[in-house]
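Below is one structure, written out as structure tokens; the observations come after it.
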Amino acid sequence: MNNSLLGLAAIALAAGAPMAQGQINPTDPQPTCSMCPGTLVRRAELEAYAKKAIAEKLVDQQVRDIEIGKAHVGIGMVYRGKLDKPRPDSVAEHDLVSEVYYVISGSATLVLGSDIVNRQRRPATQRTVVEFNGPGNNGSDIRNGVAHEIKAGDVVVIPAGTGHWFTKIDDHINYVMIRIDPDKVTPLKSEAQSQDYLSKPAPRGE
């Protein structure tokens with residue numbers, strides 16, 4: 001009897017004792033990306049992409065694509081030159097990937113909205129579809145779209161399925177693109193892959 005009481009007392013004490021520092025409590029919510037490293041992208045690398053865009057007449061470039069557990073997060077650099085009027089069928093929409101712009105320099109008129117006119121499916125083999133922003137559509141206009149004047153320091157959030165359309169760029173616009181990819185449709189891209197990309201001319205074509 002005494003042994004049984006001692007055993008119960010030991011169990012009770014163990015249950016009430018604080019967990020050792022650093023020990024994971026299995027009843028707590030668990031990290032969705034267990035033991036994943038953090039990622040730093042330095043300013044110099046982003047500036048190298050901007051210089052490459054100007055030198056090689058590029059627009060959209062993917063700097064990183066990072067695993068965060070329940071999603072991938074892409075970091076892109078985008079440079080667009082002067083635009084007096086919108087190009088034909090230049091409305092863009094992505095089915096699965098949301099985007100956040102942080103404008104570094106320049107200014108532009110960006111129209112946002114979901115009602116896309118003359119919606120046309122992007123080719124599944126298009127490089128931007130495969131590597132950057134997944135499946136989506138282009139169009140010729142946005143019905144009842146809202147025009148925003150954006151400039152350096154502004155942030156724009158574009159949910160998946162929302163059309164976005166540059167109708168005017170005053171001189172240029174250069175922005176960091178954050179892509180949120182919960183379905184993981186885009187491939188991962190490491191720092192080593194980024195440096196290899198920067199070391200030689202970019203692939204051409206779509």
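General remarks:
- The string of couplings for the stretch 142-154 from the Karplus curve (6.51, -1.76, 1.60, θ = phi - 60°) is 10, 5, 6, x, 9, 8, 10, 8, 10, 8, 3, x, 7 Hz, one whole number per residue in order, with x for Gly and Pro.
- Restricting attention to the chain, lysine pairs at least eight places apart or on different chains and with alpha-carbon atoms under 16 angstrom apart total 9.
- Rounded if a/c under 1.5, otherwise prolate or oblate - the stretch 56-129, Cα gyration tensor axes: oblate
- Heavy-atom accessible area per residue - the chain, 1.4 Å, Å²: 59
- 222 nm mean residue ellipticity, helices alone, for the chain (DSSP H n ≥ 4; -39,500 (n - 2.57); rounded to 500): -5500 deg cm²/dmol
- Counting only trypsin sites (Lys or Arg not before Pro) that DSSP places in a loop and that have at most 16 other Cβ atoms within 10 Å, the longest clean stretch of the chain runs over 71-118.
- Result for the chain in a Gaussian network model with C-alpha springs under 10 Å: among LEU112, LEU58, LEU40, the largest mean-square fluctuation is at LEU40.
- The distance separating the Cα centre of the stretch 130-159 from that of the stretch 52-97 comes to 10 Å.
- Computed lengthening from VAL157 to GLN30, 0.36 nm per intervening residue step minus Cα-Cα distance: 42.9 nm
The values are calculated or read from the model by the stated rules, or taken from the named source; none is laboratory data. Everything quoted here is computed from the prediction, not taken from an experiment. Backbone-built Cβ (ideal geometry, glycine too); neighbour counts: all protein chains shown. Side chains included, ligands, DNA and RNA excluded: accessible areas come from the protein's heavy atoms. Shrake-Rupley method; radii C 1.70, N 1.55, O 1.52, S 1.80 Å.
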